[in-house]
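Contents: one structure, followed by commentary.
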Amino acid sequence: MKSSVVRDVQFPKQPALQLIYDTAPIGLAYLSPDCRYLQINQRLTEICGISVEGHLGRTVRDCVPALASAVEGIVRSIMETGEPVTDIEVYGQRPGHNDERCWITHWHPQRGPNGNIVGVNVAAEEITERKRSEREIRAARDAAETALHHLQETQASLIEAEKLAALGRLVAGVAHEINSPIGTSLTVASVLERKCADFAAEAARGKLKQSSLKNFIEVVESASSLLVGNLNRAAELVQSFKQVAVDRSYLDRREFDLTELTEQVLLSLRPALPKNKLTLEVDGAPDLAMNSYPGPYGQVLTNLFLNSVTHAFPDGKGGAIAIRLRASGADHVDILFADDGCGMSRDVRRQAFDPFFTTRRDNGRIGLGLHIVHNIVTNRLGGELHLDSAPAEGTSVRMTLPRVAPRRAADN
């Protein structure tokens, strides 16, 4: 009786259509409203693991019980609404297999001559491998994103370390420079103290001579002059360092004169010149008023200076560094930092601003100095930067900065 019912509701036997149906590369089936297989092709039986004869006339629950509830729900929805259901992913296991499979399925109502729904056509394509690949890609992407996040954190830490190292070198330079006027002042004060004691003793004995008084006055005048000069020098250095330190710490924007700030920053760096046999010339135009970020600009100048001292003169023969400051139109300034050192090859020049690129890694350099320069100039200061260098022809870095730094740059 069952086979008779099946024959009554199967598609008409048209050889060409049947051949297409049977050889289609995707699984095809025709289900009755009560979820019995009325037609099925060879591909779907391969997916399900049951022969064509094992399907026909049997319910989905009999053939693939793991999928029965999902299939029955879809068929019931189509019978109630008359609307197709497409792009449904179905997961399950084939009989006798433990591996989970996945199919993308499309369900369309089959209507009779009077328009009523007499069954449901199903198309199923196995996408197990595609899903596995997608999972692998997602896992690889997540791993790459995690690695990138860790790399960014490491880079940020190294950049901060490099900034602190540059500040440390600046502090060492300031300490060295201050030591000279303070040391001289201490020596003069000691001499003056001894002269005062001798003069007081001579006066106490009542044997004070006019020549002794005159000599004492000359010593006091000379010592006072030396003390004032050296202590003023020390005070200037301290004030310079305090201003640079404040600017570096808070990164506040303020109005300043570019030439004056440049001289102020370089005051703390000049102690490195004699021991490296270098000269420094600053040619700054007057009245270069800026409304920008002095701290980041000082960082740029410090990094360029230290990079030049470290890399441009490896043979120890010394050389010259020059800085030129000029107006560029009404709204910009042009800053040229140049040295007459060994220069860069084409490959080195091409990578100079890349993070972690350095030619002196053997000396403990990590290759972030010029990368920080590029980031500060182009992001925070809102300017442009160009590098020109060739072997044995020195290096020049030209920066064009707006007099008024863009507000958006501060948020970067």
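The values are calculated or read from the model by the stated rules, or taken from the named source; none is laboratory data. Keep in mind the model is a prediction, meaning the values are calculated, not measured. Every residue, glycine among them, receives a Cβ derived from its backbone with ideal geometry; neighbour counts consider all protein chains shown.
Tell me yes or no: at least one residue of the range 291-301 is among the hydrophobic types (A, V, I, L, M, F, W, C) and farther than 19 Å from His374 by Cβ. Even if it seems obvious, please write down each step before you answer.
So the first thing to find is which residues in the range 291-301 are among the hydrophobic types (A, V, I, L, M, F, W, C), and the list is 300-301.
Filter once more, so that each one left must be farther than 19 Å from His374 by Cβ: none.
No, the range 291-301 contains no residue that is among the hydrophobic types (A, V, I, L, M, F, W, C) and farther than 19 Å from His374 by Cβ.
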Taking the residues in the range 166-190 that are among the hydrophobic types (A, V, I, L, M, F, W, C) and closer than 17 Å to Leu266 by Cα as candidates, determine which candidate is modelled with the highest pLDDT.
Ile178
Would you check which residues across the range 267-293 are within 15 Å of Ser308 (Cβ to Cβ) and part of a helix (DSSP H, G or I) and list them?
Ala272, Leu273, Lys275
Is it the case that some residue within the range 321-331 is under 31 Å from the mean Cα position of the chain (by Cα) and modelled with pLDDT under 90?
no
Tabulated pairs, the range 271-287, first hydroxyl-bearing (Ser, Thr, Tyr), second modelled with pLDDT of 90 or more and not in a helix (DSSP H, G or I), C-beta under 6 angstrom, 6+ apart or interchain:
Thr279/Ala320
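Conditions tested, residue by residue: (1) at pLDDT 85 or above; (2) assigned to a loop (DSSP other than H, G, I, E, B).
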residue	(1), (2)
Gly367	no, yes
Val373	yes, no
Thr378	yes, no
Leu387	yes, no
Ala392	yes, yes
Ser396	yes, no
Asn412	no, yes
Check on Phe313, of a type in the set (A, V, I, L, M, F, W, C), touching a residue at least 24 places away in the same chain (Cβ under 8 Å), surrounded by fewer than 21 Cβ atoms within 10 Å (Cβ to Cβ) and under 21 Å from His371 (Cα atoms):
yes
